[in-house]
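**Student:** First, the structure itself, so that you have it in front of you.
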Amino acid sequence: MNKLFSKRRSQHFMLLLRYWRLVFNDHFVIALFFLFGALAYGYSQWLPTLGPHEWWTRLILIGWFTVIAQIGRLATLIKKPDPVFLLPQVEGIHRYLNQATWYSLILAEIMTVVGTFIALPFALTTERLTGPEIVAIFLVAIINKADWMHIARKSLSLRWGSQQWRTRLEYWVNPLLASTVMWLVNPYVGLVVALILYLAVIGYYRDLAVNWRIAVKAEQDRMYSVYRFFNLFTDVPSVQGNTKRRKWADGLVQWLSKNGQPWSYLYARAFVRSTEVSGIVSRLTLLGMIIVFLLPAGWLSTVVVVLFIYLIATQLMPLYDQYEANVFTHIYPIPANQQQADFKQLLAKVTSLEALLIALASVGWQLNVGQMAVNLIIAAVEVFLLIRFYFNVRVKKLMK
């Protein structure tokens, strides 16, 4: 069983690595660099404006430490045929799941420590903390995650697996209780509460014989959520979109298309119906609007506006060869330059709309109308340059 888990862990890592290489391409790495830089700068500018012992700051800390306890799930790597082939291995599967739990816990604890480090400047600004108290805060976060992981392990058992409502409640209540005591009473008392809850969970949930049906479904759901994330950036065969009537999109298709132009109508329909393209464009637009709205620095919001417009524009290009595999599109009595013109028209409308939304959101929570006007002008210039030069170059490359 030890060799089985090690083999599956290696295969799982190679699978993730293959998708990570597609996700973290040059454009996305640059976007993340500016994104995290902007968030870090905004965070550092916001901290000096805070006063000590504000009543709402402790509520934010309680919520933050409750949320970071939910980051990192139990990865069992159990596959669908396992109930047939591994059913006689009662002791072996117990060792297998222990390995899976420790593997998942180590990765989750790393993310928990990172999340605690992120909250530490905020806590030091609003609270008077000593060195031992900071250590106690880290220990509470680590114990909360270990508590969460053991609850996830017992949710796969025959005895406790059917009580999913209880599991979901414990996921949130246990870290919430420990975090509340830590910030409203004392970090040392919070550490004692977290430790008591963890020992109680270990002592009470001891009969952990695996429920194969629940274990297989839990791992399938976990991997599906991972594939859904990768599907935001590239095509994943394991994720299939749903087909349904969308009456609300009829007006959008009419606005994106042009009467009497078949390619214009096809591209408009493909953009609206394609969950890969329209989904990532809408999500990136919403993310860009939220970021520029929260950024305090004017020049930084302009950089983020320009970056997101370019990033979203690049995601539209794969739509050009959407119908290349359809033989009927090649018998249309329409010249090739008309197809290119219709595609660029769609790109221009979509890019202009998302640039307008992001630039308007840059007014910020301080309602800086002047900065928004500057961003609108810069966004209009960028869209013009993208349509006039960038799209022409990319379309010519796609035609080769």
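The values are calculated or read from the model by the stated rules, or taken from the named source; none is laboratory data. Here the structure is a predicted model, which means the values were calculated and not measured. With ideal geometry, Cβ positions are generated from the backbone for all residues, glycine too; neighbour counts draw on all protein chains shown.
**Student:** Exactly one of (1) at pLDDT 75 or above; (2) over 27 Å from Arg21 (Cα atoms); (3) assigned to a helix (DSSP H, G or I); (4) not β-branched (Val, Ile, Thr) is unmet by Lys258. Its number?
**Tutor:** Condition not satisfied by Lys258: (3).
**Student:** Find the residue count for region 63-115, including only residues that are part of a helix (DSSP H, G or I), touching a Ser or Thr at 6+ places or on another chain (Cβ under 7 Å) and of a type outside the set (Gly, Ala, Ser).
**Tutor:** Qualifying residue count, region 63-115: 4.
**Student:** Could you tell me how many of the residues in region 152-183 are of a type in the set (D, E, K, R) and touching a Ser or Thr at 6+ places or on another chain (Cβ under 8 Å)?
**Tutor:** Selection size over region 152-183: 2.
**Student:** From the list Val181, Val193, Val189, Val173, pick out the single residue that is free of Cβ contacts under 8 Å to residues at least 40 places away in the same chain and surrounded by fewer than 14 Cβ atoms within 10 Å (Cβ to Cβ).
**Tutor:** Answer to the check: Val173.
**Student:** Okay, moving on. Could you tell me which residue of region 116-156 is surrounded by the fewest Cβ atoms within 10 Å (Cβ to Cβ), considering only residues that are touching a residue at least 60 places away in the same chain (Cβ under 8 Å) and in a loop (DSSP other than H, G, I, E, B)?
**Tutor:** Ranking the qualifying residues of region 116-156, first place goes to Arg128.
**Student:** Follow-up. Is it true that Arg9 is under 24 Å from Thr180 (Cα atoms) and among the charged types (D, E, K, R)?
**Tutor:** Against the criterion (under 24 Å from Thr180 (Cα atoms) and among the charged types (D, E, K, R)), Arg9 does not qualify.
**Student:** Let me ask you something else. Checking Arg168 against (1) surrounded by fewer than 17 Cβ atoms within 10 Å (Cβ to Cβ); (2) touching a residue at least 40 places away in the same chain (Cβ under 8 Å), only one condition comes out false. Which one?
**Tutor:** It fails just one condition, (2).
**Student:** Only one residue in Leu107, Leu97, Leu120 is more than 30 Å from Ser10 (Cβ to Cβ) and either aliphatic (A, V, I, L, M) or not assigned by TED's automatic domain parsing to the domain that holds Ile68 (or both). Which one?
**Tutor:** Unique residue meeting the criteria: Leu120.
**Student:** Sticking with this structure for a sec: Taking Arg159 as the residue in question, decide whether it is over 30 Å from Asp82 (Cα atoms), exposed (fewer than 14 other Cβ atoms within 10 Å of the Cβ), in contact (Cβ under 8 Å) with a residue 12 or more places away in the chain and charged (D, E, K, R).
**Tutor:** The answer is no for Arg159.
**Student:** Considering only residues that are of a type in the set (A, V, I, L, M, F, W, C) and not in a helix (DSSP H, G or I), look in region 17-62 and name the one that is farthest from Thr116 (Cα to Cα).
**Tutor:** This residue is Phe24.
**Student:** What number of residues in region 307-332 are modelled with pLDDT of 70 or more and loosely packed, with under 14 Cβ neighbours inside 10 Å?
**Tutor:** Of the residues in that region, 1 qualify.
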